[in-house]
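Structure record follows, encoded as C-alpha cells.
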Amino acid sequence: VPSISSEIVSSDVTLTGWTYAGTPTTHSGYFGIRGVGGNGFYILQLQTTTNIEARFTNAGSTNYDASSPTPSITANQWNYSSLVLDGTALRFYDNGTAEGTSTVTGAFTATTDSLEIGAVYGQFLEADDTSHDEVRLANVARSAAWVSAEYTNQSTTTDFYTVNNDVREWNSTN
C-alpha cells in the first residue's frame, strides 16, 4: 500500500494480520513499514523458523523488539499476529494472546514508505507457500481485549456468536 505511513501521525499504532506459513523461514518479512535505511518502521517478522518478532524503530533509529518466548508459528495453518504500539510500549500478540512487551521511547516519523505484505522494504522475501490475509494498520493502539476479540471473531466464529437453529415453518393458519 503506497505512502500509507504518511497517515500514521501519532505514536499509537496497531498492525494485525493472518499468515499461513507453509515452510517458515528465518527472518521472513510478514507485513509492515520499513523506512529508508531501516529508520522508523513497524514490522512483524520471523525471528527464528518458528518464533515471531514485532519490531519498532523510532525516528532516531533505535530498535525495540517484542517476541514470543516460545515457538509461535505452526507450519501449514493460519496464525494471527498483532503488533500494538502505544507510545510507551510495544506489545506482540500471537493468536490473540499477549506474548511479549518492550518499553519504547521516541516516535515514528511519517514518511512516504509503503505498507508491504510478504516482504519488508523489498527484503526478507518469503517462501512461495506463504499467504497473508486481513492485514490491517490503524493509527490507534488497540486493547488486549480488542486483539483477543478480533482473533476469536475471525478464527472460530461459532465461539464468538450463536445463531438460533430453531426454525419454524409459518403458514397462514398460525
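The values are calculated or read from the model by the stated rules, or taken from the named source; none is laboratory data. Bear in mind that the values here come from a model prediction, so they are computed numbers and not experimental data. Reconstructed Cβ throughout: ideal geometry from the backbone, glycine too, with neighbour counts over all protein chains shown. Remember, those area values only see protein heavy atoms, side chains included, never the ligands or the DNA or RNA. Shrake-Rupley method; radii C 1.70, N 1.55, O 1.52, S 1.80 Å.
The table that follows gives values for the structure above.
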item: Residue 73, sole failed condition from (1) more than 18 Å from residue 115 (Cβ to Cβ); (2) at pLDDT below 70; result: (2)
item: Restricting the range 66-88 to residues that are outside any loop (DSSP other than H, G, I, E, B) and among the hydroxyl-bearing types (Ser, Thr, Tyr), the residue that is nearest to residue 155 (Cα to Cα); result: 80
item: Any hit, the range 158-172, residues being among the basic types (Lys, Arg), at pLDDT below 80 and surrounded by fewer than 18 Cβ atoms within 10 Å (Cβ to Cβ); result: yes
item: Leading residue by the ranking (farthest from the chain's Cα centre (by Cα)) among those in the range 3-23 that are crowded, with 23+ Cβ neighbours inside 10 Å and either within 26 Å of residue 155 (Cβ to Cβ) or modelled with pLDDT of 70 or more (or both); result: 21
item: Qualifying residue in the range 44-65 (condition: modelled with pLDDT of 90 or more and part of a strand (DSSP E or B)); result: no
item: Residue, modelled with the lowest pLDDT, within the range 105-121, restricted to residues that are part of a loop (DSSP other than H, G, I, E, B), within 18 Å of the chain's Cα centre (by Cα) and closer than 26 Å to residue 11 by Cβ; result: 121
item: Per-region count, the range 136-157, residues modelled with pLDDT under 95, of a type in the set (Gly, Ala, Ser) and either open to solvent by 60 Å² or more (accessible area, probe 1.4 Å) or under 22 Å from residue 107 (Cβ atoms) (or both); result: 2
